[in-house]
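Notes follow once the structure below has been shown.
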Amino acid sequence: MYASARAYLLTWINICVLSLSLSLSLSLCMCVRVQIVVFDDVDIDVAVEWLMFGIFWTNSQICSATSRAIIHERIAPRVFSRLQELCAKVKACHPLTPEASDTAFIGPVISKQQYDKVLAYIQGARGQGAKVLCGGGRPANAPAKGFYIAPTVVVNVEPHMTIWKEEVFGPVLVVKTFSTEDEALALANDSSFGLAAAVLSKDEERAQRMVRAIKAGITWVNCSQVRQCIHRPLLLRSRSLFARCAGLG
């Protein structure tokens with residue numbers, strides 16, 4: 001287990017022990033890496049919009065951000081091209097300024113410490129052989145004040161790489177391609193945690209197979225992010241537990 005994941009787990013255990021000793025009700029949410037699986041029958045433009053929304057909404061500073069993209073190799077070149085095109089159009093600006101209301105924008109990450117951490121993950125991915133498709137640093141159009149990071153897509157990622165295993169918690173989408181449904185499922189379940197996942201496919205039967213097989217508390221179909229989809233109560237699994245929430249009844 002990597003150091004950051006170990007720290008999360010130890011914190012989780014300590015809180016559980018404390019709550020038991022005090023007879024407190026407890027609801028915990030903890031996650032490392034949420035995946036979005038994209039099959040080759042999707043509409044490319046729609047899929048890319050969900051890929052971008054899933055990771056760049058709130059700068060990925062949300063536990064359910066779909067930060068690991070598992071994309072069918074047949075459509076990967078077209079998806080990459082579209083991601084590059086749209087990421088280049090995203091403007092860095094303060095979210096409360098007037099210009100943020102009429103353009104695709106990205107705001108700053110929370111602190112200098114987090115800014116340095118995200119950039120270190122990107123640099124580390126380069127060192128391990130991954131390729132930064134777009135972004136990877138401070139946007140040229142960013143305001144002088146604020147810890148801005150350009151929308152970043154990292155490709156040629158392998159499961160042993162740190163950036164695949166650890167939670168970056170910043171605007172960085174990491175991508176691994178696949179060729180078969182079984183391979184996609186194995187990649188989706190390559191985590192000790194299981195908060196959420198997403199599947200994009202026009203094949204409803206295949207999507208439902210994936211939903212049943214992916215080890216996640218909730219799996220969205222043809223969308224991403226809890227507040228954007230109708231869903232059942234969120235049952236956290238594996239080391240992402242302890243709760244059932246965000247549903248009706």
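Details
- Residues located in the stretch 139-167, provided they are in contact with a Phe, Trp or Tyr (Cβ under 6 Å, 6 or more places away or on another chain) and either under 18 Å from A92 (Cβ atoms) or at pLDDT 95 or above (or both): P139, A142, F147, P151, V157, I163
- Verdict on V118 being assigned to a helix (DSSP H, G or I) and under 27 Å from D190 (Cα atoms): yes
- Candidates V175, V153, V132, V109, filtered to the one that is within 18 Å of I36 (Cβ to Cβ), aliphatic (A, V, I, L, M) and in contact with a helix residue (DSSP H, G or I) (Cβ under 7 Å, 6 or more places away or on another chain): V153
- Looking only at the stretch 172-218, and only at residues there that are modelled with pLDDT of 95 or more, of a type in the set (D, E, K, R) and assigned to a loop (DSSP other than H, G, I, E, B), the one that is nearest to I62 (Cα to Cα): K202
- Residue within the stretch 91-99 that is of a type in the set (A, V, I, L, M, F, W, C) and buried (at least 18 other Cβ atoms within 10 Å of the Cβ) present: yes
- Restricting the stretch 10-40 to residues that are at pLDDT below 75 and closer than 30 Å to Q208 by Cβ, the residue that is farthest from the chain's Cα centre (by Cα) is S27.
- Top-ranked residue in the stretch 100-111 [being modelled with pLDDT of 80 or more and over 18 Å from A140 (Cα atoms); ranked as surrounded by the most Cβ atoms within 10 Å (Cβ to Cβ)]: I110
- The residue list R82, R68 contains one member that is charged (D, E, K, R) and under 17 Å from the mean Cα position of the chain (by Cα), which is R68.
- Of all residues in the stretch 121-171, those that are more than 14 Å from the chain's Cα centre (by Cα) and assigned to a loop (DSSP other than H, G, I, E, B) total 25.
The values are calculated or read from the model by the stated rules, or taken from the named source; none is laboratory data. Quantities reported herein were computed from a predicted structural model and do not represent experimental measurements. Don't worry about glycine lacking a Cβ; one is built from the backbone with ideal geometry, like all the others, and counts go over all protein chains shown.
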